[in-house]
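Novice: Quick one: structure below, then a few questions.
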Amino acid sequence: MATRLLLIADTHIPARARSLPDAVRRAADAADLIVHAGDWVTDAALDDLAQHGAVLGVWGNNDGPDLRARLPEIARRDIEGVRIAVVHETGAASGREARMDAAFPDADVLVFGHSHIPWDSRTPAGLRLLNPGSPTDRRRQPECTIMTAVADAGVLRDVTLIPVSREATGG
């Protein structure tokens, strides 16, 4: 059976937005699993997403002791035969592929955040690297973003970068 995923990172609630954008909540409602790559900032963001579905998440560099007590630094899960790992920070873009091949040799997909820059690439070993950007803080990007994907029979398919309206961020 296929599993619909919402990939999200760097929500920065309430620093960048008062609450999650409505578009994020709708995407979470449509997903079977919400994958969050850290920088929630407050427990409220985690609690909000958890009301919309199951969450696989990690803490980020802006997350304090409360979130670090609830979430791991690295999460791993086999979803429909796709071995997914989640981490907040991967370091500089230069050399990322080689570092992540070494750090995650047992994963098919690595979801990460931190930069707020959407990313979709494959390493020399075939690891797929995905950064959904941020739904609340576009930084130097043209728009805020999230990603959706489908895990099905050992394949991650239909990876889609989705813009999120800045007006919907509450910030």
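None of the figures in this text is laboratory data; all of them are computed from the coordinates on show. Because the structure is predicted, anything quoted here is derived from the model rather than measured. Backbone-built Cβ (ideal geometry, glycine too); neighbour counts: all protein chains shown.
Novice: Quick one: dipole size for the range 3-169, taken about the Cα centre, charges +1 on Lys/Arg Cβ and -1 on Asp/Glu Cβ, in debye to the nearest 20.
Specialist: Using only the charged Cβ atoms, the result is roughly 320 debye.
Novice: Summing -39500 (n - 2.57) over the DSSP H runs of n ≥ 4 in the chain and dividing by its residue number, what mean residue ellipticity at 222 nm do you reach, to the nearest 500 deg cm²/dmol? Don't jump to the answer; show the numbers that get you there.
Specialist: Details: 4 runs with 31 residues, N = 171.
Taking each H run of at least 4 residues, the total per residue is -5000 deg cm²/dmol.
Novice: Also, quick follow-up: Once a ≥ b ≥ c are taken as the square roots of the eigenvalues of the Cα gyration tensor of the range 75-171, is the result rounded (a/c under 1.5), prolate (a/b larger than b/c) or oblate (a/b not larger than b/c)?
Specialist: Numbers: a/c = 2.36, a/b = 1.46, b/c = 1.61.
Oblate.
Novice: Give the span of the chain's Cα atoms along each principal axis, as three whole-Å numbers ordered largest to smallest.
Specialist: 40, 36, 34
Novice: Highest mean first, what order results for 91-102, 134-145 on Cβ atoms within 10 Å? Walk me through the intermediate numbers first.
Specialist: Details: 91-102: 13.5, 134-145: 19.0.
Ranked by mean Cβ neighbours within 10 Å, highest first: 134-145, 91-102.
Novice: I'd like the distance separating the alpha-carbon centroids of the range 41-101 and the range 148-166, in whole Å.
Specialist: Here the answer is 17 Å between Cα centres.
Novice: If you don't mind, another one. Going by average Cβ density within 10 Å per residue, which order do the peptides 32-45, 119-132 take, highest to lowest?
Specialist: Numbers: 32-45: 22.9, 119-132: 17.3.
Sorting 32-45, 119-132 by mean packing, highest first, produces 32-45, 119-132.
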